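> Dropping the structure in here first, questions after.
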Amino acid sequence: AMAAALKADECQIYTDVDGVYTTDPRVEPKARRLERITFEEMLEMASLGSKVLQIRSVEFAGKYNVPLRVLSSFEEGPGTLITYEDDEMEEALVSGIAFNRDEAKLTILGVPDRPGMAYHILGPIGEANIEVDMIIQNVGADQTTDFTFTVHRNDYQKALALLQDTARELGAREVSGDDGIVKISLVGVGMRSHAGIASTMFRTLADEGINIRMISTSEIKISVVVDEKYLELAVRALHAAFHLDQAREA
């Protein structure tokens, strides 16, 4: 806020890391520090599990067009500049890989396929102040639907109990849950102008024998849910597949 008020050229934020990396170096030792990243990409990565910066600080900087530079409090270095999008940034297909271990998945099977079912399922969840992340609905041939969604792992047991109550009210066939999952996301503004990123991601995971449980996409993000035991393998395989260990050519 002060940097915006002073019309500063940039706001420097000193942290315990020397910049924003392509992914967590503790999971992938070949992770590379990014020289630059867009506000939009940083917002996505922060919301998806990257803990370098708070979401609010990135939102504020983007709103008032104040570039941020993430620097280390313990060593000299150029850090990472969080700034506006330009044509050079769009050349990179993927800028980073974020992941979130704090997810749990819930499924209600055999729900009558009629209007208002999504509200009946998620209404009690929302009233209990439980935040829902990913949602998938599949319609079967027998006039029923299956409904799957994810919540924070801390809310798993509470959400499961609510969903079981809802299943009894709706006459659903079954409720199941899994708190041993992880969400892995590719982030990059280059997705707007390049095709084939999703297929490369899915092929890479398939080659490693990793089954995808859920998929969610946005303009600059592709997220998948997989079993938590595959986190390190999936992140390292995707990091290699998109050549994130290689510096972008000038």
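The values are calculated or read from the model by the stated rules, or taken from the named source; none is laboratory data. Everything quoted here is computed from the prediction, not taken from an experiment. Virtual Cβ from ideal backbone geometry, glycine too; neighbours counted across all protein chains shown.
> Does Thr145 count as crowded, with 20+ Cβ neighbours inside 10 Å, more than 24 Å from Glu232 (Cβ to Cβ) and not assigned by TED's automatic domain parsing to the domain that holds Ser193?
The answer is yes for Thr145.
> Where the second residue is assigned to a loop (DSSP other than H, G, I, E, B) and the first is crowded, with 18+ Cβ neighbours inside 10 Å and lies in region 164-183, which pairs have Cβ atoms under 7 Å and are six or more apart or on separate chains?
Between residues of region 164-183 that are crowded, with 18+ Cβ neighbours inside 10 Å and residues that are assigned to a loop (DSSP other than H, G, I, E, B), the close pairs are Ile181/Arg213; Val182/Arg101.
> Please verify whether region 39-58 includes one or more residues that are hydroxyl-bearing (Ser, Thr, Tyr), in the same structural domain as Pro78 (by TED's automatic domain parsing) and at pLDDT 85 or above.
Checked region 39-58: no residue is hydroxyl-bearing (Ser, Thr, Tyr), in the same structural domain as Pro78 (by TED's automatic domain parsing) and at pLDDT 85 or above.
> If you scan region 48-82, which residues turn out to be touching a residue at least 40 places away in the same chain (Cβ under 8 Å), surrounded by 14 or more Cβ atoms within 10 Å (Cβ to Cβ) and part of a loop (DSSP other than H, G, I, E, B)?
Hits for region 48-82 are Leu48, Gly49, Ser50, Leu53, Val66, Pro67, Gly79.
> Would you pick out the residues in region 216-234 that are among the aliphatic types (A, V, I, L, M) and at pLDDT below 95?
Ile220
> State which residue is farthest from Thr217 (Cα to Cα) when the search covers only region 111-132 and only residues that are at pLDDT 95 or above and not in a helix (DSSP H, G or I).
Ranking the qualifying residues of region 111-132, first place goes to Ala128.
> Which condition number does Ala247 fail, the rest of (1) loosely packed, with under 14 Cβ neighbours inside 10 Å; (2) under 14 Å from Phe99 (Cα atoms); (3) hydrophobic (A, V, I, L, M, F, W, C) being met?
Tallying (1) loosely packed, with under 14 Cβ neighbours inside 10 Å; (2) under 14 Å from Phe99 (Cα atoms); (3) hydrophobic (A, V, I, L, M, F, W, C), Ala247 fails exactly one: (2).
> Tell me, yes or no, whether region 124-143 has at least one residue that is within 24 Å of Val27 (Cβ to Cβ) and in contact (Cβ under 8 Å) with a residue 12 or more places away in the chain.
Within region 124-143, one or more residues are within 24 Å of Val27 (Cβ to Cβ) and in contact (Cβ under 8 Å) with a residue 12 or more places away in the chain.
> Within the group Val94, Val111, which residue is touching a residue at least 40 places away in the same chain (Cβ under 8 Å), within 24 Å of His239 (Cβ to Cβ) and surrounded by 12 or more Cβ atoms within 10 Å (Cβ to Cβ)?
Among Val94, Val111, only Val94 is touching a residue at least 40 places away in the same chain (Cβ under 8 Å), within 24 Å of His239 (Cβ to Cβ) and surrounded by 12 or more Cβ atoms within 10 Å (Cβ to Cβ).
> Given region 153-247, what strands (runs of 3 or more DSSP E) lie entirely inside it while holding 1 or more residues that are touching a helix residue (DSSP H, G or I) at 6+ places or on another chain (Cβ under 8 Å) and within 12 Å of Val94 (Cβ to Cβ)?
181-187, 221-227
> For Asp24, are the conditions met, namely being modelled with pLDDT of 90 or more, out of contact with any Asp or Glu (no Cβ under 9 Å at 6 or more places or on another chain) and assigned to a loop (DSSP other than H, G, I, E, B)?
Yes, satisfied.
> Please count how many residues of region 20-41 are in contact with a Ser or Thr (Cβ under 8 Å, 6 or more places away or on another chain) and within 13 Å of Thr83 (Cβ to Cβ).
8
> Which is surrounded by fewer than 16 Cβ atoms within 10 Å (Cβ to Cβ), under 16 Å from Glu103 (Cα atoms) and not assigned by TED's automatic domain parsing to the domain that holds Tyr119, of Asp207, Asp227?
That would be Asp227, the only listed residue that is surrounded by fewer than 16 Cβ atoms within 10 Å (Cβ to Cβ), under 16 Å from Glu103 (Cα atoms) and not assigned by TED's automatic domain parsing to the domain that holds Tyr119.
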